[in-house]
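To start, the structure itself, in structure tokens.
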Amino acid sequence: MSKKAFNRSPLLDVIIGSDSSMSLNMIENAAAGRDPLFHNRFMNDCILFKYPNFEVQLSEGVEAAAKGPAAEFRPVETAIYVPNDPENLQAGGFAIYLRQRDFEHLLRHHLGLNLNAEDADFAIDVKILRVIDTIPSLDPYLLRSELSHAGLNLAENVFGASEREEDNIRRKIEGRIGPIIDRAVGKAAAGDTAAQAYRKRFIDAIWNPDLPEAELFIKSFGIDKAETQRIFIAWKGITYYQVKFESFAPSLRVVLDFFRGPLSRPRDASSYNRMELEQMAMHVQATRTKLENVVKNCRQIFVDYNKAYDGLVNGDKPLAFKEFLTTAHNYYWILGFCSTASKNATGILTRIMQAEQPHPLRYEELDAMLKQMNALLNSSVKSL
């Protein structure tokens, strides 16, 4: 793992300003009265964040699910931002990137976290970090779900998502997945308690893929049972991202409309020469293209999912759904970044507009926003 210093930069603005799907700000959580995530006090003075480690463009069937073997495909990395002053995040700091060569040394040297220590509290912190690194985003719902599945039962308020909110998300996911379970194992008739209990065990397997019903479901499609856990986690994750995407799609349209229309021209354009305005127009177009590609990836994955879903539920075409399941892991990781980036693009526009309706910005404001958008959408944060 390498360490990279941060001065005031667009990337730092993104890390600090992103919502909880991209950045897990332990300092902010403590200020809000939430329980600490880690036992190590230095870790609780940091921000965990996710960044893409792939060329984001993709699409065209999302490049045949990115072509990589599912077992090796993990194109979103995890990093830890260590501020110089936890009370002043804008004062700069450095990042420690997981899964790189000096990762263990840097964690031990800068944060006092020894990955090989026998101390029980250290072991729990290391396990939390490793689980977080297996998830493509930092959405509180997914974090709690995967940490719980790993046997890490944390306090309810650690991530700021209430049990009620999580139950609502779970119901939506089950409502989406239920018809597929019915198609695969048979719909339980009203009053048939045995059949209903049997169905419920398959639904429960979505949340706990270690249950034998998960393996039975996967084997019914002729897929190797060794892929059960990977597929169920990815399937649940894709369904979650679809539910979330639908909730912020109207705000995302506002961002795209901003870039596609006259609002993206500086309101003080008369103060700048032709070359400066042409450069700005090119910057706007390039940023718009990056964002459109990210959004297109999300929509293409949802199209593929819906087509496979409808083919199984309404058309008795299990092969399409089998093909979807075999690429679900790769889709899950691509969607994790693309959905999260789309959501945080809306946050950047909202912050720059200071919660007002979209309007033309001054040249310098527009330039600052575009730099943040590009830091968000770049294929590798390490290039900054």
Given the criteria over 17 Å from Q372 (Cβ atoms), surrounded by 14 or more Cβ atoms within 10 Å (Cβ to Cβ) and in the same structural domain as D367 (by TED's automatic domain parsing), does R288 qualify? no
Out of curiosity, is T346 over 20 Å from G17 (Cβ atoms) and of a type in the set (S, T, N, Q)? no
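Looking for whichever is in contact (Cβ under 8 Å) with a residue 12 or more places away in the chain, in the same structural domain as F248 (by TED's automatic domain parsing) and surrounded by fewer than 17 Cβ atoms within 10 Å (Cβ to Cβ) here; the options are E278, E323. Which one fits?
Values: E278 fails: in contact (Cβ under 8 Å) with a residue 12 or more places away in the chain.
Just a single option satisfies the conditions, and that option is E323.
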Give just the number: which of (1) within 22 Å of F324 (Cβ to Cβ); (2) out of contact with any helix residue (DSSP H, G or I) (no Cβ under 6 Å at 6 or more places or on another chain) does A195 not satisfy? (1)
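Matching residues to (1) farther than 21 Å from F232 by Cβ; (2) among the acidic types (D, E):
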site: Q100; (1), (2): yes, no
site: F103; (1), (2): yes, no
site: L107; (1), (2): yes, no
site: N114; (1), (2): yes, no
site: D125; (1), (2): yes, yes
site: S145; (1), (2): no, no
Kindly indicate whether L152 is in a helix (DSSP H, G or I) and over 17 Å from the mean Cα position of the chain (by Cα). no
Please work out if A214 is out of contact with any strand residue (DSSP E or B) (no Cβ under 6 Å at 6 or more places or on another chain), without any contact (Cβ under 8 Å) to a residue 24 or more places away in the chain and outside the structural domain of K317 (by TED's automatic domain parsing). no
If a residue must be in contact (Cβ under 8 Å) with a residue 40 or more places away in the chain and not in a helix (DSSP H, G or I), how many such residues does segment 348-375 contain? 5
P266: passes all of (1) part of a helix (DSSP H, G or I); (2) crowded, with 18+ Cβ neighbours inside 10 Å but (1)
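Here is a yes/no grid of residues against (1) under 22 Å from the mean Cα position of the chain (by Cα); (2) farther than 25 Å from C338 by Cα; (3) at pLDDT 90 or above:
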{"residue": "H109", "(1), (2), (3)": "no, yes, yes"}
{"residue": "L113", "(1), (2), (3)": "no, yes, no"}
{"residue": "N116", "(1), (2), (3)": "no, yes, no"}
{"residue": "R130", "(1), (2), (3)": "yes, no, yes"}
{"residue": "L138", "(1), (2), (3)": "yes, no, yes"}
{"residue": "R164", "(1), (2), (3)": "yes, yes, no"}
{"residue": "K172", "(1), (2), (3)": "yes, no, no"}
{"residue": "A195", "(1), (2), (3)": "no, yes, no"}
{"residue": "F202", "(1), (2), (3)": "no, yes, no"}
For the list (1) farther than 29 Å from L143 by Cα; (2) modelled with pLDDT of 90 or more, I need the number of the one condition that G186 fails. (2)
Report yes if some residue within segment 112-123 is in a helix (DSSP H, G or I), buried (at least 16 other Cβ atoms within 10 Å of the Cβ) and in contact with a strand residue (DSSP E or B) (Cβ under 9 Å, 6 or more places away or on another chain); otherwise report no. no
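The values are calculated or read from the model by the stated rules, or taken from the named source; none is laboratory data. Here the structure is a predicted model, which is why all the values come from computation and not from measurement. Virtual Cβ from ideal backbone geometry, glycine too; neighbours counted across all protein chains shown.
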